1. Between a residue in region 47-62 that is of a type in the set (D, E, K, R) and any residue that is part of a helix (DSSP H, G or I), which pairs come within a Cβ distance under 6 Å, given they are 6 or more apart or on different chains?
2. Considering only region 68-116, how many residues are in a helix (DSSP H, G or I), of a type in the set (S, T, N, Q) and farther than 27 Å from Val10 by Cα?
3. Of these, Arg206, Arg196, which one is part of a helix (DSSP H, G or I), of a type in the set (Lys, Arg), in contact with a strand residue (DSSP E or B) (Cβ under 8 Å, 6 or more places away or on another chain) and within 16 Å of Phe125 (Cα to Cα)?
4. On the phi < 0 side of the Ramachandran plot and surrounded by 14 or more Cβ atoms within 10 Å (Cβ to Cβ): which single residue out of Val116, Val101 fits that description?
5. Any residue that is in contact with an Asp or Glu (Cβ under 9 Å, 6 or more places away or on another chain) and polar (S, T, N, Q) - is there at least one of those in region 123-134?
6. If you scan region 183-235, which residues turn out to be farther than 26 Å from Leu15 by Cβ, loosely packed, with under 12 Cβ neighbours inside 10 Å and aliphatic (A, V, I, L, M)?
7. From the list Val156, Val133, Val180, Val160, which one is crowded, with 17+ Cβ neighbours inside 10 Å, free of Cβ contacts under 8 Å to residues at least 40 places away in the same chain and either part of a helix (DSSP H, G or I) or in contact with a helix residue (DSSP H, G or I) (Cβ under 6 Å, 6 or more places away or on another chain) (or both)?
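Just so it is clear, none of the values below were taken in a lab; they were calculated from the coordinates. Note that the coordinates shown come from a computational prediction; the quantities given were computed from them, not determined experimentally. Reconstructed Cβ throughout: ideal geometry from the backbone, glycine too, with neighbour counts over all protein chains shown.
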Amino acid sequence: MVASAAIFAVVYATLGLFPVSAYVGVSSFLTFREILSPLAGMLFGPLTGGFSMVIGTFVDFAFGKPVVFDFLDFIPDTASAVMAGLVFTGRRKLALALPLVLILWYSLDPLSANLVIVGGIMVPFYWLHLLSVLILGIAFIFETRGSLSRLNPFFVGATVLASTMTGHIAGSIMFENVVVRINGLLTAGAIAGNWRFIFFVYPPERFLFTVLGTLVAVPVLRALSRRRDASAPES
């Protein structure tokens with residue numbers, strides 16, 4: 001399991017060389033590796049999957065990707081992998097609690113933006129994060145009733161969405177603390193403007209990661225399931 005996670009980390013790190021969009025407020029970019037972090041948790045569980053993201057991030061540094069967040073760059077994808085690992089190991093309460101705790105942490109920080117005005121309406125910054133928890137909860141209900149398997153695209157997609165949003169809120173907490181409190185690269189006033197811009201950018205970005213992550217995860221999980229079934233001894 002650990003050896004497989006290490007190999008997976010190298011694939012993850014390789015995708016980290018291909019940018020998708022620029023980070024706001026710092027000189028770095030999001031990459032295609034983000035689509036693999038939920039799959040790491042699904043394959044290896046929360047601990048080994050999360051650790052593979054740490055390994056992959058430091059392999060990325062070795063490949064030449066710049067260190068941006070004081071070597072804490074692994075936090076978002078590690079949180080994403082842990083979230084998916086909790087889901088696929090049946091730890092439902094923890095899977096629902098983790099993103100909610102991180103949302104609460106973010107919302108209580110004075111550097112955070114909790115509400116953004118859109119067309120005269122106050123919208124929670126983390127509306128998609130909350131929606132992802134709700135969708136995952138619905139997937140859990142259908143799974144409990146036996147009408148939805150973990151290999152169903154809806155269940156996998158709900159897991160990927162909740163995982164990528166968990167990674168995003170964890171990354172937001174990391175961003176405001178490292179960039180403002182630790183390194184002083186932005187002032188509290190400057191980061192407020194960044195949050196408003198991020199509010200409009202992150203939904204399409206996260207939907208892209210969710211779609212791509214689901215398209216990758218479903219065939220991989222099904223192929224591994226068929227392989228396990230084929231290798232299982234006959235009773």
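1. Every condition considered, the pairs that remain are Asp60/Ala13.
2. As a first pass, look at region 68-116 and keep what is in a helix (DSSP H, G or I): 75-88, 92-108.
Now narrow it down to the ones that are of a type in the set (S, T, N, Q): 78, 80, 107.
Of the ones still in play, those that are also farther than 27 Å from Val10 by Cα are 107.
Total meeting the criteria: 1.
3. Details: Arg206 fails: in contact with a strand residue (DSSP E or B) (Cβ under 8 Å, 6 or more places away or on another chain).
It is Arg196.
4. Numbers: Val101 fails: surrounded by 14 or more Cβ atoms within 10 Å (Cβ to Cβ).
Result of the check over Val116, Val101: Val116.
5. Our first condition is that a residue be in contact with an Asp or Glu (Cβ under 9 Å, 6 or more places away or on another chain); within region 123-134, this holds for none.
Among the residues of region 123-134, not one is in contact with an Asp or Glu (Cβ under 9 Å, 6 or more places away or on another chain) and polar (S, T, N, Q), which makes the answer no.
6. Answer for region 183-235, where residues must be farther than 26 Å from Leu15 by Cβ, loosely packed, with under 12 Cβ neighbours inside 10 Å and aliphatic (A, V, I, L, M): Ala188, Ala230, Ala232.
7. Working: Val156 fails: free of Cβ contacts under 8 Å to residues at least 40 places away in the same chain; Val180 fails: free of Cβ contacts under 8 Å to residues at least 40 places away in the same chain; Val160 fails: free of Cβ contacts under 8 Å to residues at least 40 places away in the same chain.
The conditions single out Val133.
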